[in-house]
Amino acid sequence: MSQKAIAARVQKLRKFFNTGETRKISFRKKQLRMLKKAIRKNEDAIMEALYRDLKKPAFESYASEIGILYTEIRHVHWHLRSWARKREVATPIIHFYSTSAVHYDPYGVALIIGPWNYPFQLVIAPLVAAIAAGNCAVIKPSELAPATSRLVAKMIRETFDEDYITVIEGGVEETGALLKEKFDYIFFTGGTAVGRIVMRAAAENLTPVTLELGGKSPAIVDEDAHLPTAARRLCWGKFFNAGQTCLAPDYLLVHKKIKAAFIDELKKTIGEFYGDDPRSSRDYARIINEKHFDRIMGLLEGAKVILGGDSDRKNRFIAPTLVDNATLKDPIMNEEIFGPLLPIMTFAKLDDAIAQVNRLPRPLALYYFSKSVKKQKKVLAGTSSGGGCINDTVSHVGSQELPFGGIGDSGMGRYHGKSGFETFSHQRGILTRASAFDLKLRYPPYNKKVKLLKFLFRIIG
């Protein structure tokens, strides 16, 4: 699509927004119901598209791309009216005969750019928040998941007025053209490198952004962890969607006293999940394309593989792989893996593990396994991450009451539930003063009023 055509499309959305229709709570709730109905109608088609793009198992597709949206829409629809209500706040006594309130206004026209790893959920979830806050939106699905991109475009076109919500498909050229337009909010999910490009483009128009990125999310397994449970939960979070999850544990820090036993548990768990030959498992996804396949396999150069490592480029298959004795100098520890490789490092003291985490940029998530509440508190106090879990992995993303987002290199901004509504809302502070009483102290000529002013502020301060 040309720059001119994109500009015309955005202008139509802005014209619709200016009618004020999207500000009505009844309108927003209706659109949320329509969206939920559209997802329900297209369930089979969504799972088929995800299978074509990623060979994603039906269970994983429904759990992470469909079911999670139902709970999000239900939660937002249920609470929307109370969230959108103006919030009365205290007014300083110096402004007596006045009231103060925070109004939640929509920004206007939002741009939502989605990734390829969860190509349906990660464009629709931000859309839920944008709709709830009263915005119009342009959706740009990932061209690397073409089947899902086409389905999203078809579903949105059949569900919403194109002047309200529209989808623009395409690749780098179309994304670049979109970023040249002036939007009122930009929501991007993807890699850090592209995130920087998006932020630079947003800066040109002083457009606020949310960046959902990634990073090297650590999993720390302490000596007092319940090893079988920790192994199951770690393997589930790591190898779900063949490791192509921004929240996936990116590397393992395991206490040296339990290292051998825990590795045995990991090997056992992988066998239980995917059998002796994961290639034949119906429950194991594939890498998105050959480019990413080659990148992931390149990370194994010089690595000590103790399980897995086998691959099939033609079928984009990489087995669940454990890499022992990883160091910060290894290629596998110098970028986000985004694939089914788990490098293993050890620690002797918890302080050492915390120090290791802090040597790398702040991650999107942190996972810590221990029975000790004292040590749990120590890890949380000594590290920084976008979010995380204690004695689990990834599950926090499914809680509508928890804000989700990154920090530092892993992103900025929050969404899900009320956090998503607030992200796509401008919090507008309004003071309303009565006309009947007018304090003349603030008006010129000031003469000797400064002494009285000082006295008043000393009283209230």
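The values are calculated or read from the model by the stated rules, or taken from the named source; none is laboratory data. Remember, it's a predicted structure, so these values are computed and weren't measured experimentally. Positions of Cβ are generated from backbone atoms using ideal geometry, with glycine treated the same way; all protein chains shown enter the neighbour counts.
Figures for the structure shown
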| item | result |
| --- | --- |
| Hey, N42 polar (S, T, N, Q) and buried (at least 17 other Cβ atoms within 10 Å of the Cβ) or not | yes |
| Every residue from the stretch 74-132 that is closer than 16 Å to S419 by Cα, among the aromatic types (F, W, Y) and surrounded by fewer than 17 Cβ atoms within 10 Å (Cβ to Cβ) | W78 |
| Count - residues of the stretch 191-212 that are outside any helix (DSSP H, G or I) and either under 20 Å from the mean Cα position of the chain (by Cα) or in contact (Cβ under 8 Å) with a residue 60 or more places away in the chain (or both) | 7 |
| Positions within the stretch 101-126 being hydrophobic (A, V, I, L, M, F, W, C) and closer than 30 Å to E290 by Cα, in sequence order | L111, I112, I113, W116, F120, L122, V123, I124, A125 |
| Subset of the stretch 45-69 [surrounded by fewer than 16 Cβ atoms within 10 Å (Cβ to Cβ) and over 18 Å from L151 (Cα atoms)] | F59, A63 |
| Residue match in the stretch 351-372 (condition: acidic (D, E), under 23 Å from the mean Cα position of the chain (by Cα) and at pLDDT 95 or above) | no |
| Selection count, the stretch 124-155, where residues are part of a helix (DSSP H, G or I), under 22 Å from F17 (Cβ atoms) and in contact (Cβ under 8 Å) with a residue 60 or more places away in the chain | 10 |
| Residue ID - surrounded by the most Cβ atoms within 10 Å (Cβ to Cβ), chosen from residues in the stretch 427-443 that are charged (D, E, K, R) and touching a residue at least 24 places away in the same chain (Cβ under 8 Å) | R433 |
| Residue pairs meeting the criteria (Cβ under 7 Å; at least 6 apart or on separate chains; first under 13 Å from L111 (Cβ atoms), in the stretch 3-16; second part of a helix (DSSP H, G or I)) | I6/A177; I6/L178 |
| Residue within the stretch 180-190 that is assigned to a helix (DSSP H, G or I), in the same structural domain as A133 (by TED's automatic domain parsing) and over 20 Å from Y107 (Cβ atoms) present | no |
| Candidates A365, A381, filtered to the one that is surrounded by 13 or more Cβ atoms within 10 Å (Cβ to Cβ), small (G, A, S) and either within 27 Å of M297 (Cβ to Cβ) or in the same structural domain as D222 (by TED's automatic domain parsing) (or both) | A365 |
| Residue match in the stretch 213-224 (condition: over 28 Å from the mean Cα position of the chain (by Cα) and at pLDDT 95 or above) | yes |
| Any hit, the stretch 221-230, residues being more than 28 Å from Y62 (Cβ to Cβ) and in a helix (DSSP H, G or I) | yes |
| Condition met for T393 (among the hydroxyl-bearing types (S, T, Y) and assigned to a strand (DSSP E or B)) | no |
| The stretch 267-303, residues that are farther than 21 Å from R233 by Cα and either surrounded by 14 or more Cβ atoms within 10 Å (Cβ to Cβ) or hydrophobic (A, V, I, L, M, F, W, C) (or both) | R279, I287, I288, N289, H292, F293, R295, I296, M297, L299, L300, A303 |
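Table: residues versus (1) loosely packed, with under 11 Cβ neighbours inside 10 Å; (2) part of a strand (DSSP E or B); (3) not acidic (D, E).
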| position | (1), (2), (3) |
| --- | --- |
| D409 | no, no, no |
| K418 | no, no, yes |
| F421 | no, no, yes |
| P445 | yes, no, yes |
| V450 | yes, no, yes |
| F457 | yes, no, yes |
